[in-house]
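Here is the structure we will look at.
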Amino acid sequence: MSTSEHQEFREDCLAILREGSEGKRVHRRRFLQAIAALGVVPAGLRFTPAHAAASEVVVVNWGGDAVPAYDDIWAKPFSAANAGVKAVINGAGPTSGKIKAMVESRAVTWDVCDRTMPASLELGRQNLLEQVDWNIVAYNKLRPAHRSDWGVGAYLYSFALTYDREALKGATPKSWADFWNVKDFPGKRTLRNNIEGMLEAALMADGVAPDKIYPINVDRALDKIKQIKQHTIFWSTGAESQQLFRNKEVVMGNLWHTRSMLLAKEVGDRIQFTFDQGVLFAGAWIVPKGNPAGPLAWKFIASAQDPQSQVELFKRVGNGPINPAASALVPAELKALDCGSPENFAKQVIVDAEWYAEHYAAALNRYMDVIAS
């Protein structure tokens, strides 16, 4: 679909929305949410936040199983604890483009967005986010790497070395150097078609110490990627990375640890993974500038810092608790799977959000050129 055709499609969708609402009483916040998802906010519909329901807190994540999980673990308890306030989970996917369009058109309908620490820096410095109210949110419930002026760490996830023990005939890769060693560990590998967690792994495979990864030497990392490109399938989605292992198309991969957990649960001991030299990212709560619910957004985020609730999210979808106090609450049989436990945390590279905020776009373009050529 060309750009002009896509624009026509969006305008047609707007027309349908207008026709469907004719003569009826419409909740303006719901209407704005629908058209914002299309990326269009007509000038005549740019309402100020005062028109939205201040008693509603709209929390936007990336859909799928995370919607009912967030609803059960965070939204319902928050609503129950705050009379007259309802937290709503929206799975629309809070991309930077959508947030930017909402803020610049003064048609913000989202209160809390599930993003990353680099995104908090990038969008915050463009004046698109509210600064964190540390009078409401607990500063000391986060490690320094998991907070910024505009972002509050929400959970942890890791890129982990994952392998098929049977396909490797019992050989156990222990490092990214082993991942790059196609002689002693033959077979196809899989890497993501995105730089996150991939450049770091390449540098460690090339002998860079984990504590010396940042600032990333992009030239060196890309040269290392080229060495195994012919042996590599590049995955686009978590489901695809999982399917490559199911189909026995690959013997090793650099996967989100949540997918590695699902694989291990699904097929048993055949699939194993390690947090050794894992690359640890933090999801982050951010609040768009001029959000309708105002300070209630920070109150919701503060409630999500509860360590027990973070453990429940870990049990449900695999995201690691980010509040260090949560580690003691993780059941003994699950501790080895917690990417944020003190033991696993110490084994991993902690992502430098500043580096990603400044260099992500340029480095990604170069990476895509390499893997596509």
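The values are calculated or read from the model by the stated rules, or taken from the named source; none is laboratory data. All of these numbers come straight from a predicted model, not from anything done at the bench. Cβ: placed from backbone, ideal geometry, glycine included. Neighbour counts: every protein chain shown. The accessibility values were calculated without ligands, DNA or RNA, using every heavy atom of the protein model including side chains. Shrake-Rupley method; radii C 1.70, N 1.55, O 1.52, S 1.80 Å.
Extension gain, Lys212 to Ala332: 0.36 nm times the residue separation minus the Cα-Cα distance gives 39.9 nm. Average accessible surface for region 156-223: 39 Å² per residue, computed with a 1.4 Å probe over protein heavy atoms with every protein chain in place. In this calculation the C-beta distance from Arg106 to Arg143 is compared with R0 = 45 Å, giving a FRET efficiency of 0.80.
The residues of region 80-121 have, on average, 35 Å² of accessible surface per residue, using a 1.4 Å probe with all protein chains present. Each residue, Arg165 and Arg366, gets one label point 7 Å from its Cα in the Cβ direction; the gap between the two is 3.9 nm. So which residue, out of Phe275, Phe159, Phe185, gets the largest mean-square fluctuation from a GNM of the chain using Cα contacts under 10 Å as springs? Its mean-square fluctuation being the largest, the pick is Phe185.
Taking 0.36 nm per residue of separation and subtracting the Cα-Cα distance, what length does fully extending Ala239 through Trp355 add?
Working: separation 116, 0.36 × 116 = 41.76 nm, distance 2.79 nm.
Stretched out fully, the Ala239 to Trp355 stretch lengthens by 39.0 nm.
Only helical DSSP H runs with n ≥ 4 go in: add -39500 (n - 2.57) per run for the chain, normalise by residue count and round the 222 nm mean residue ellipticity to 500 deg cm²/dmol. So the helix-based figure for the chain works out to -11500 deg cm²/dmol.
May I ask for the distance between the Cα centers of region 81-95 and region 314-333, given as a whole number of Å? About 23 Å separates the Cα centre of region 81-95 from the one of region 314-333.
Nonpolar atom fraction for the chain, defined as the carbon and sulfur part of the 1.4 Å probe accessible area, stands at 51 percent.
Give the percent of DSSP beta bridges with both residues in the chain that are antiparallel, rounded to the nearest 5.
60 percent
Simple rule: put +1 on each Lys or Arg Cβ and -1 on each Asp or Glu Cβ in region 294-373, find the dipole, and look at Gln305, Pro324, Ala361; the Cα lying farthest toward the positive end is Gln305.
The calculated FRET efficiency for Lys183 paired with Ala325, based on their beta-carbon distance and R0 = 45 Å, is about 0.50.
Sequence neighbours fewer than 8 away in the same chain don't count; with that in mind, list the aspartates and glutamates whose C-alpha is under 19 Å from Lys169. Candidates past the 8-residue exclusion: Asp178, Asp184, Glu249, Asp269. Cross-link pairs exceeding 27 Å between alpha carbons, from the set Lys98/Lys299; Lys100/Lys226; Lys183/Lys335; Lys226/Lys248; Lys174/Lys335; Lys183/Lys226: Lys100/Lys226; Lys183/Lys335.
Relative to the longest principal Cα axis of the chain, at what angle does helix 218-228 sit, 0 to 90 degrees, rounded to 10? Computed tilt is about 60 degrees. Towards the positive end of the charge dipole of the chain, with charges on Cβ (+1 Lys, Arg; -1 Asp, Glu), say which of His146, Ala293, Gly197 has the farthest Cα. About the Cα centre, the residue reaching furthest to the positive side is Ala293.
Angle, helix 3-21 long axis vs. longest principal axis of the chain, Cα atoms, 0 to 90°, nearest 10? That helix lies at roughly 40 degrees to the long axis.
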